[in-house]
1. Filter region 448-491 down to residues that are under 17 Å from Asp414 (Cβ atoms), in a loop (DSSP other than H, G, I, E, B) and of a type outside the set (S, T, N, Q), then give me how many there are.
2. Looking at (1) surrounded by 10 or more Cβ atoms within 10 Å (Cβ to Cβ); (2) at pLDDT below 90, can you tell me which one Trp114 breaks?
3. If you take the residues in region 487-526 that are of a type outside the set (A, V, I, L, M) and in contact with a Lys or Arg (Cβ under 6 Å, 6 or more places away or on another chain), which one is nearest to Thr561 (Cα to Cα)?
4. Which of the residues that make up region 1-23 are open to solvent by 30 Å² or more (accessible area, probe 1.4 Å) and hydroxyl-bearing (Ser, Thr, Tyr)?
5. Collect the residues in region 555-592 that are farther than 18 Å from Pro230 by Cα, among the aliphatic types (A, V, I, L, M) and open to solvent by 50 Å² or more (accessible area, probe 1.4 Å), keeping them in residue-number order.
6. Report, by residue number, each residue of region 520-537 that is touching a Gly at 6+ places or on another chain (Cβ under 9 Å) and either in a strand (DSSP E or B) or over 27 Å from Arg322 (Cβ atoms) (or both).
7. Quick check: is even one residue across region 453-467 among the acidic types (Asp, Glu), closer than 28 Å to Asn550 by Cα and crowded, with 17+ Cβ neighbours inside 10 Å?
8. Looking at Val288, is it over 25 Å from Leu398 (Cβ atoms), open to solvent by 10 Å² or more (accessible area, probe 1.4 Å) and touching a helix residue (DSSP H, G or I) at 6+ places or on another chain (Cβ under 7 Å)?
Amino acid sequence: KPGVTMRSGANYSTWWNGGLRTTAYFHNIIGLLTETIGNPTPIEIPLLPNRQLASGDLPYPIEPQPWHFRQSVDYSVTANRAVFDIASRHREQFLFNIWKMGHDEIQAGSKDSWTIWPRDIARMEAKIAEDRAQPENTTGRVERAPPAPAKYMEMLKVAADRDPRAYILSADQGDFATATKLVHTLQENGITVHRATAPFTVSGKRYPANSYVILTAQAFRPHILDMFEPQDHPNDFPYPGGPPKPPYDNAGWTVAMQMGVAFDRILDPIEGPLVKLDSVAAMPAGTVARAPNGGGYILSATVNDAYRAVNRLLGAGETVMRVAAPVTVGAQAYPAGSFYVSAGSGTHGKLEALARELGLSAGAVARPAGATPVRPARIGLWDRFGGSMPSGWTRWILEQFEFPFQVVYPQTLDAGNLNAKYDVLIFVDGAIPSGEGRGGLGSDSPDASAVPAEFRGWLGNVTVDKTVPQLKAFLEQGGTVITIGSSTVLAQHLGLPVTNHLVEHTADGESRELPREKYYIPGSLLEVRVDSTAPLAAGMPSRAIVMFDNSPVFRLTPSATLAGIRPVAWFDTAAPLRSGWAWGEQYLEGGVAAATAQVGRGTLHLLGPEVLFRAQPHGTFKLVFNALYE
């Protein structure tokens, strides 16, 4: 089949573990990714002179020609039959190799093992260069003797850097229900998980009963490491000084980090009162104390499912409030922003049902002073005709946590009078354009006459000249707007004192965005400092992991404080990378990742990172959930 290309023939690297191809790798299975051009409308294969020269990655060049969809189908069918052919002729070899790989992984998890990362090689190269630059004699002359290989190979097997024998998810962490959801994800991917039947001690640390233990001595060990260990993407450049070569998708995805789950890496053999879970881990039931007379119950804002419980309680007519200051009940501390539920005739029974289902625990307290009511908000989630993937993921999250909402399309936004319909509007990445627009139907919308009548109201696009004034009026009259990713450009459209932090100053005094050769962060996990006293960050720790995909980073001008803008999360170090690839990460230091701005009587939330990315980063869901209760 002419034109088939491999490896360097693509304009991206094959780094990614989000698809069936690479997930298969970590389950000891051969995985293949194929993509084929073409669509039902014929296209032209253009003349590219350098693609007429055969190479190892392009063994059979294709001539310029019209290309029909039938040819695309033929290529896919041929590839599939080739797989069937080789698999059937070498079935015993493939099956044995699958077993052998699983056997080897069990062995690796049963002894001291090391994974070599790009950072290890970089450290070795730096040491070799340093040693070569040392004077070898008293004359001061620098000798460039070849290094002894054994000396440097030892750097790849430092005891403290060995792979874990196990991971422990302690049952006493703040949001153990989310840790259990991580365990469900592992189990659904074929990972064996154990649970402690009694308290136990490992390396001097005491763990309570019900803690989860994931032993790495199992066949799918690579997948376990992939879910807990940071990814270390190499610096990938096509030539020195050139722009970075993008990965196929994310550069860092460590799910345990994204979910905000606390875990310990155990480097030595582990023994304890452990039982293997033969079915999906049950959510450990919570407890509900008896409310005092005239008092009620308190749910911790650190637990994501507390928001789901609150939505259900509000739907059942219960009275729910948010506490303004931290509350301590016995040994349990509840942060500011936790939920107070007034005790009614049936409240205790409803909370007990939630405790069994969601693993929530409720303390008993007198009604706290300064608590503010929580009311169901009228939520509008932006979407467009044809669908937005980030909006679709957000819709799924809102459904899972039982937030009532409506999908809102551009024509409805442009019609105005938004405060009569909504309390909160959500604009995900890609919703609000950066440039000027003429209003009305966008150029990429189909002809209305070709769309069924019931869907014509979905057509159009958000525009700067028509939609933004309506959003400004919505804010000024007391509405809340949540913007994520590129949609945070709304702050610029509104003239707020917020600028781009990721700029450099040229010799002539001008400023420009950092070029890709200096700064590039594709889909990676970074650590930010969080002001957990801010209402938007209620229930969050002082440091959090965010999914960052070349996301906006803000600089607040000197007048920002007077304008009612408050930073909520920011980069306080020059090395915030925790998993993935961050070329030029030092430029992030001092930049603001999330902020809250007052606009008239309303509030605009600016969330630069992808805090809801594909419904994976449970650790940052609260940055949206809290805003939905304003």
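1. 7
2. Here Trp114 meets the rest and fails (2).
3. Of the residues in region 487-526, the ones of a type outside the set (A, V, I, L, M) are 487-488, 492-493, 495, 497, 499-501, 504-506, 508-513, 515-520, 522-524.
So of that shortlist, the ones also in contact with a Lys or Arg (Cβ under 6 Å, 6 or more places away or on another chain) come out as 499, 501.
On the way: Thr499: 14, His501: 17 Å.
Only one residue tops the list, namely Thr499.
4. Passing the criteria: Thr5, Ser8, Tyr12, Thr14, Thr23.
5. Within region 555-592, Leu562 is the sole residue that qualifies.
6. Tyr520, Ile521, Pro522, Gly523, Ser524, Leu525, Leu526
7. Narrowing region 453-467 to residues among the acidic types (Asp, Glu): 454, 465.
Restricting the remaining residues to those that are closer than 28 Å to Asn550 by Cα gives 465.
Filter once more, so that each one left must be crowded, with 17+ Cβ neighbours inside 10 Å: none.
No, because not a single residue in region 453-467 is among the acidic types (Asp, Glu), closer than 28 Å to Asn550 by Cα and crowded, with 17+ Cβ neighbours inside 10 Å.
8. Working: over 25 Å from Leu398 (Cβ atoms): yes; open to solvent by 10 Å² or more (accessible area, probe 1.4 Å): yes; touching a helix residue (DSSP H, G or I) at 6+ places or on another chain (Cβ under 7 Å): yes.
Yes; evaluated as a whole, the condition is true for this residue.
The values are calculated or read from the model by the stated rules, or taken from the named source; none is laboratory data. What you see is a predicted model, and the numbers here were worked out from it, not measured in a lab. Please note: Cβ atoms are built from the backbone with ideal geometry, for glycine as well, and neighbour counts cover all protein chains shown. Areas reflect the complete protein model, heavy atoms only, side chains present, ligands, DNA and RNA absent. Shrake-Rupley method; radii C 1.70, N 1.55, O 1.52, S 1.80 Å.
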